[in-house]
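J.: Structure below; questions to follow.
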Amino acid sequence: MAANNSVNGSESSVYTISDQVILVQVFVSVFLFINFLMITTFFMKDFFYTTVRYILFATALLSDCLFLVMTDILLIMSYLQYTIQMWLCLIMYIVLSLCNFVTPVTLTAMTLERYVAICMPLRHGQLCSTHRALHCILVIHGLSCVPCIVYLSIFFAFTTHSLYTKSRLCSVEVFISHKWQGHLRAAISQFYFLIMCIAIVFSYVKIMKVAKTASGENKKSTWKGLRTVILHAFQLLLCLIQLWCPLIEAAVLQINFRLYIDVRYFNYITFILAPRCLNPLIYGVRDEKFFHALKCYALCGLFTKQSSFI
């Protein structure tokens, strides 16, 4: 009887995990479809790819799409207990590490762009030109590469060449051989997010001061920019909590494996999927021009007249 109960319990656990994986596939598919529509809309109008905030928005969308696809692949491989060679896992880790930082750094750049647009409107055209936007994208990816370079330098210093041909479950934990490496990784991430939080708080305070003195249409535009900054701050908060997830999951794993699976699933939905799905809401649905153009292309030109003012 005990054995039967044990088997039934394990089977129900497998079915539960399977349901969770299927639910994730639905979420990821929906978000990728929405992002694809928005990226298509971005490239269909020259107004969008010559405006800084939309260029940064598209950069974040492309990074989010790649991040969602690769994390979903790793989730499926983890569920199936599918191992791959370490050199391939290393490549996936490099891409994921880069995308993991590109999104929050881009959010910070978008917040600073709103600060310039609202608090320094006369200099916005000069400081936020298309040419400068391309330089900004290079800076964003350069800053996002630094943590990855540090992690990999340490990893290469403490590993042997034979490890690259071994097959293992691909996860970030396989690149941490000493406890202090995990602490260093967390410290670098916290430093990055501290700087980003300071930039967002600074922008929020400055925009708030302008909002109190603005009037009419300027006041409406300023408060909308302020709400955008608040949403960016919420996104960054979720991304910051994501950095604590490995520590929480490691502690839970010592207590109960089933609880560990549930916690890891919750963390994936809340702190990996959710913050990357807020971008379409902030700059896709809330932006009037982009939303009208999106309706036009999503509904096969039905709303062409509504979007003609762009």
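J.: Which numbered condition trips up PHE193, out of (1) open to solvent by less than 40 Å² (accessible area, probe 1.4 Å); (2) at pLDDT below 75; (3) of a type outside the set (Ser, Thr, Tyr)?
T.: (2)
J.: Moving on. Given the conditions (1) in contact (Cβ under 8 Å) with a residue 40 or more places away in the chain; (2) open to solvent by less than 20 Å² (accessible area, probe 1.4 Å), which single one is not true for ALA58?
T.: (1)
J.: Among the residues of segment 77-132, write down those that are among the basic types (Lys, Arg) and touching a Gly at 6+ places or on another chain (Cβ under 8 Å).
T.: The initial filter retains those residues of segment 77-132 that are among the basic types (Lys, Arg), namely 114, 123, 132.
Answer for segment 77-132, where residues must be among the basic types (Lys, Arg) and touching a Gly at 6+ places or on another chain (Cβ under 8 Å): just ARG114.
J.: Does ARG123 satisfy being under 30 Å from VAL205 (Cα atoms) and touching a Lys or Arg at 6+ places or on another chain (Cβ under 8 Å)? Quick ask: steps written out before the conclusion?
T.: Working: under 30 Å from VAL205 (Cα atoms): yes; touching a Lys or Arg at 6+ places or on another chain (Cβ under 8 Å): no.
Criteria not met by ARG123.
J.: Now a separate question. Go through (1) part of a helix (DSSP H, G or I); (2) among the hydroxyl-bearing types (Ser, Thr, Tyr); (3) touching a helix residue (DSSP H, G or I) at 6+ places or on another chain (Cβ under 9 Å); (4) open to solvent by 40 Å² or more (accessible area, probe 1.4 Å) for SER177 and report which single condition fails.
T.: (1)
Listed here are the residues, each with its yes/no results for (1) at pLDDT 75 or above; (2) over 26 Å from PHE67 (Cα atoms); (3) open to solvent by less than 70 Å² (accessible area, probe 1.4 Å).
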residue	(1), (2), (3)
VAL201	yes, yes, no
TYR204	yes, yes, no
ALA214	no, yes, yes
ILE230	yes, no, no
GLN242	no, no, yes
PHE266	yes, no, no
CYS277	yes, no, yes
ILE282	no, no, yes
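J.: Here is a follow-up. List, please: which pairs have Cβ atoms under 6 Å, are six or more places apart or on different chains, and start with a residue in segment 183-207 that is over 29 Å from TRP223 (Cα atoms) and end with one that is open to solvent by 60 Å² or more (accessible area, probe 1.4 Å) and in a helix (DSSP H, G or I)?
T.: Taking only residues 6 or more apart or on different chains, not a single pair turns up.
J.: In this structure, is TYR49 hydroxyl-bearing (Ser, Thr, Tyr) and closer than 21 Å to PHE155 by Cβ? It would help to see each step written out before you state the result.
T.: Values: hydroxyl-bearing (Ser, Thr, Tyr): yes; closer than 21 Å to PHE155 by Cβ: no.
No.
J.: Further, regarding this structure: Identify, please: which residue in segment 18-37 is open to solvent by 50 Å² or more (accessible area, probe 1.4 Å) and in contact (Cβ under 8 Å) with a residue 60 or more places away in the chain and is, among those, nearest to PHE67 (Cα to Cα)?
T.: PHE31
J.: Quick one: count up the residues across segment 59-85 that are touching a helix residue (DSSP H, G or I) at 6+ places or on another chain (Cβ under 6 Å) and modelled with pLDDT under 85.
T.: Total satisfying the criteria: 1.
J.: Can I ask one more? Any idea which residue in segment 150-172 is farthest from LEU80 (Cα to Cα), counting only those that are part of a loop (DSSP other than H, G, I, E, B) and open to solvent by 70 Å² or more (accessible area, probe 1.4 Å)?
T.: The initial filter retains those residues of segment 150-172 that are part of a loop (DSSP other than H, G, I, E, B), namely 158-160, 166, 169-171.
From the residues that got through so far, the ones that are open to solvent by 70 Å² or more (accessible area, probe 1.4 Å) too are 158, 160, 166.
On the way: PHE158: 29, THR160: 28, LYS166: 18 Å.
Only one residue tops the list, namely PHE158.
J.: Here's a follow-up. Considering each of MET120, MET86, MET77, MET110 in turn, give the residue that is farther than 30 Å from SER153 by Cα and over 16 Å from the mean Cα position of the chain (by Cα).
T.: Values: MET86 fails: farther than 30 Å from SER153 by Cα; MET77 fails: farther than 30 Å from SER153 by Cα; MET110 fails: over 16 Å from the mean Cα position of the chain (by Cα).
From the options MET120, MET86, MET77, MET110, the qualifying one is MET120.
J.: Quick one: which of LEU253, LEU237 is among the aliphatic types (A, V, I, L, M), surrounded by 14 or more Cβ atoms within 10 Å (Cβ to Cβ) and under 25 Å from PHE101 (Cβ atoms)?
T.: Values: LEU253 fails: under 25 Å from PHE101 (Cβ atoms).
Sole residue among the options that is among the aliphatic types (A, V, I, L, M), surrounded by 14 or more Cβ atoms within 10 Å (Cβ to Cβ) and under 25 Å from PHE101 (Cβ atoms): LEU237.
J.: Taking segment 61-91 only, how many residues are farther than 30 Å from CYS296 by Cβ and in contact (Cβ under 8 Å) with a residue 60 or more places away in the chain?
T.: 16
J.: Still on this structure: What are the pairs with Cβ atoms under 9 angstrom where one residue, in segment 146-172, is under 20 Å from THR71 (Cβ atoms) and the other, located anywhere, is open to solvent by 80 Å² or more (accessible area, probe 1.4 Å) and aromatic (Phe, Trp, Tyr)? Sequence gap at least six, or different chains.
T.: The qualifying pairs are LEU169/TYR82; CYS170/TYR82.
The values are calculated or read from the model by the stated rules, or taken from the named source; none is laboratory data. Here the structure is a predicted model, which is why all the values come from computation and not from measurement. A quick note on method: Cβ atoms are made from the backbone with ideal geometry, for glycine too, and the neighbour counts reach across all protein chains shown. Surface areas here come from the heavy atoms of the whole protein model, side chains and all, with no ligands, DNA or RNA. Shrake-Rupley method; radii C 1.70, N 1.55, O 1.52, S 1.80 Å.
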